[in-house]
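K.L.:
Before I ask anything, here is the structure I am working with.
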Amino acid sequence: MPPADTTSTASESRGMPWLGIALEQKLYPLAGNAAPWFAAAAAVLCALGLYIGFFLLPRELAQGEHYRILLIHLPATWMSILIYFAMAAAAGVGLVGNHRLSAMVASALAPTGGMFAFLALWTGSLWGKPSWGVWWVWDAQLTSALLLLGLFLAVVMLHTALDDARRADRAAAVLTLVGLVALPVVYASVARWGSAAHENSLALSLAPGIIDTLLTGMLVMGAGLAAYTAAAALTRLRIVILERERRSDWVVRLVGE
Amino acid sequence: MAWDSWSAFWAMGGYGLYVWAAYLLALMVVVAEIVVLVLSRRSILDHLGLTARGRRKDTSAPDDETPA
């Protein structure tokens, strides 16, 4: 059967029987074009968010000015959770479909997710100390936030520790999906049996006008951090693609240009 | 404008240490990530440049050996 042989060698010489390489090759310049726009949007939105937080939000004499920390704390927390969902979706698709690009997207998201998880804990601690007098409590939200940071770090470490990229992809994907199950379980069990300091502390008695401004500022900051995440993850995705696909024809041609 | 003076702004009603520690570290972490991204992009591009040069060397290597 000569025709069947030719097609199989043709697809094998491209390295993958489906669109994997073509997708990476297509996405590489697209990501490069999109990243600066996301970065610019992030700069504008974060500047606007900080302006709202530091100049439009009124003085808060009853609660204390540390309530302005919420403007970075909550958006950073939202982003760490959102990025984890995005990473889990990409890792799941990569694991089930044995799809390299999805796994690369997941690995590109992990460091930025870890950064936001760390920031959520750090800013939360700086908010918690003046608000409830302690840096840390083992309540449901803090415990699961710590677990979230640990999961991001473990994913990053798996990719740096394992030389075989495909093995690292699979290990990281399994870990990410286990974490996806573990996070709500830990949250629920600590919420049930542990201390619950977080909820009453967030019962801020702010005037409705202040709450509207605070919410607007947090949403603008959140949009800014989301744009930053897109810019950082797309830039990292390009680096990951170059590292992993350096032997493929199109990268070699790109280098030759 | 919420603040009477810049010193009042920096003092943050006595919570300056908490507020600025939170925002300063956020800034530092973001800057650190950007620096790492720029450096690792440069390093992979250098590396790819080197491998392309390495390939040219590979093809020229037999030429160097043939006269000997």
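K.L.:
Could you sort A:Lys129, A:Lys26 by their accessible area in this structure, using a 1.4 Å probe and putting the largest first?
P.N.:
A:Lys26, A:Lys129
K.L.:
Tell me, what is the FRET efficiency for A:Arg192 and A:Phe85 to the nearest 0.05, using R0 = 30 angstrom and their Cβ-Cβ distance as r?
P.N.:
For A:Arg192 and A:Phe85, the calculated efficiency is 0.80.
K.L.:
Let me ask something additional. Considering Cα pairs under 8 angstrom that are at least six residues apart, work out the relative contact order of the stretch A:82-204 and quote it in whole percent.
P.N.:
About 32 percent, as a whole number.
K.L.:
Okay, next question. Using Cα pairs under 8 angstrom and six or more residues apart, how large is the relative contact order of chain A, in percent?
P.N.:
33 percent
K.L.:
Rounded to a whole number, what % of the accessible area of the stretch A:52-109 do carbon and sulfur atoms account for, probe 1.4 Å?
P.N.:
Carbon and sulfur atoms account for 75 percent of the accessible area of the stretch A:52-109.
K.L.:
Going by average Cβ density within 10 Å per residue, which order do the peptides B:23-36, A:46-59, A:145-158 take, highest to lowest?
P.N.:
Result, highest mean first: A:145-158, A:46-59, B:23-36.
K.L.:
Provide a whole-number value for the mean count of partner chain Cβ atoms within 10 Å of the Cβ atoms in peptide A:230-241.
P.N.:
Mean shielding by partner chains, rounded to a whole number: 3.
K.L.:
Please work out how much accessible surface A:His66 shows to a 1.4 Å probe, ignoring ligands, DNA and RNA, in Å² rounded to 10.
P.N.:
Accessible surface of A:His66 is approximately 10 Å².
K.L.:
Now for a separate question. Place the peptides A:182-189, A:243-250 in order of packing, highest mean first, counting for every residue the other Cβ atoms within 10 Å and averaging per peptide.
P.N.:
A:243-250, A:182-189
K.L.:
State the extension gain, in nm to one decimal, for the chain segment bounded by A:Val134 and A:Val156, taking 0.36 nm per residue of separation less the distance between their alpha-carbons.
P.N.:
Going from the current span to full extension adds 4.9 nm.
K.L.:
Just checking the output field for B:22-33: average partner chain Cβ neighbours within 10 Å of each residue's Cβ?
P.N.:
Average per residue, whole number: 6.
K.L.:
Mind checking which helices in chain A clear 18 Å along their axis (Cα) and have mean Kyte-Doolittle hydropathy of 1.6 or more, DSSP H runs only?
P.N.:
Those that pass (Cα extent of 18 Å or more, hydropathy at least 1.6) are A:70-97, A:140-161.
K.L.:
A follow-up question, please. What is the local net charge at A:Gly97, summed over the other residues whose Cβ is closer than 14 Å to its Cβ (Lys, Arg +1; Asp, Glu -1)?
P.N.:
+2
K.L.:
For the stretch A:92-221, what is the accessible area per residue in Å², given a 1.4 Å probe and the full set of protein chains?
P.N.:
47 Å²
K.L.:
Which whole number gives the average count of other chain Cβ atoms within 10 Å of the Cβ atoms across peptide B:35-42?
P.N.:
Per residue, the number of nearby Cβ atoms from other chains is 3 on average.
K.L.:
With a 1.4 Å probe on protein heavy atoms only, work out how much accessible surface A and B bury together, total over both chains, in Å² to the nearest 100.
P.N.:
3000 Å²
The values are calculated or read from the model by the stated rules, or taken from the named source; none is laboratory data. Quick caveat: nothing in here was measured; it's all calculated off a predicted structure. For neighbour counting, all protein chains shown are included, and Cβ atoms are generated from backbone atoms with ideal geometry for every residue, glycine included. Please note that ligands, DNA and RNA were not included when accessible areas were found on the heavy atoms of the full protein model with its side chains. Shrake-Rupley method; radii C 1.70, N 1.55, O 1.52, S 1.80 Å.
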